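Asks: A single structure is presented below for examination.
No lab work stands behind these numbers, since they all come straight from the coordinates. Since the structure is predicted, the reported quantities are computational estimates derived from the model, not experimental observations. In this analysis, Cβ positions are derived from the backbone assuming ideal geometry, glycine residues included, and neighbour counts consider all displayed protein chains.
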Amino acid sequence: MSELIHISYGGHDRVIYIKGKKFLFEDHPHCGPIVLDKNGDPLKNQPPESSPFWEAVSYWYQQGKKTKEVESSAPWCIWEKPSMQKMRHVGGNNYVLVTK
C-alpha cells in the first residue's frame, strides 16, 4: 500500500521583481517557492532553471527574506544582486582585492 501526503496549506504570497518582470509566488515553508498565476493558483509549468526568477529568489533567501508592504498587493521581496568583487593585478600571479 502506498502512502500519500497532502499539504493543505501554502506559504505566504510574495512578489519579486527582476529584469522588468513581476513574479507572484508562494513561499511554502517545506516545499519552497511556487510561482502563481494572476488568480493565485500554482502555475502548471513552473519557470525553468534558467529563469531569472530562481536567481532572484536565491539571493532573497540568502539576504534574510526581507519584504516591504505595498498597498493592495502581496508583500514585495527586498533583495540585491551582489556586485562582482574587483581585483587589481600587482604582478605575476598576485592580485589585491580593491575595497574602495
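Asks: Would you calculate, for the chain, the mean residue ellipticity at 222 nm contributed by helices, counting each DSSP H stretch of 4 or more residues as -39,500 (n - 2.57) and dividing by all residues, to the nearest 500? Don't jump to the answer; show the numbers that get you there.
Replies: Details: 1 runs with 11 residues, N = 100.
So the calculated ellipticity at 222 nm is -3500 deg cm²/dmol.
Asks: Straight-line reach from residue 86: which lysines have Cα under 30 Å away, leaving out those fewer than 8 places along the same chain?
Replies: Straight-distance partners of residue 86: 19, 21, 65, 66, 100.
Asks: Using only Cα atoms, tell me the angle between helix 52-62 and the longest principal axis of the chain; keep it within 0 to 90° and round to the nearest 10.
Replies: 80 degrees
Asks: Let's see if you can work this out: charge +1 on each Lys and Arg Cβ, -1 on each Asp and Glu Cβ, no other charges. What is the dipole magnitude of the chain about its Cα centre, in debye to the nearest 20? Working shown, then result.
Replies: Numbers: 13 positive and 11 negative charges, 154 e Å.
The calculated dipole for the chain is roughly 740 debye.
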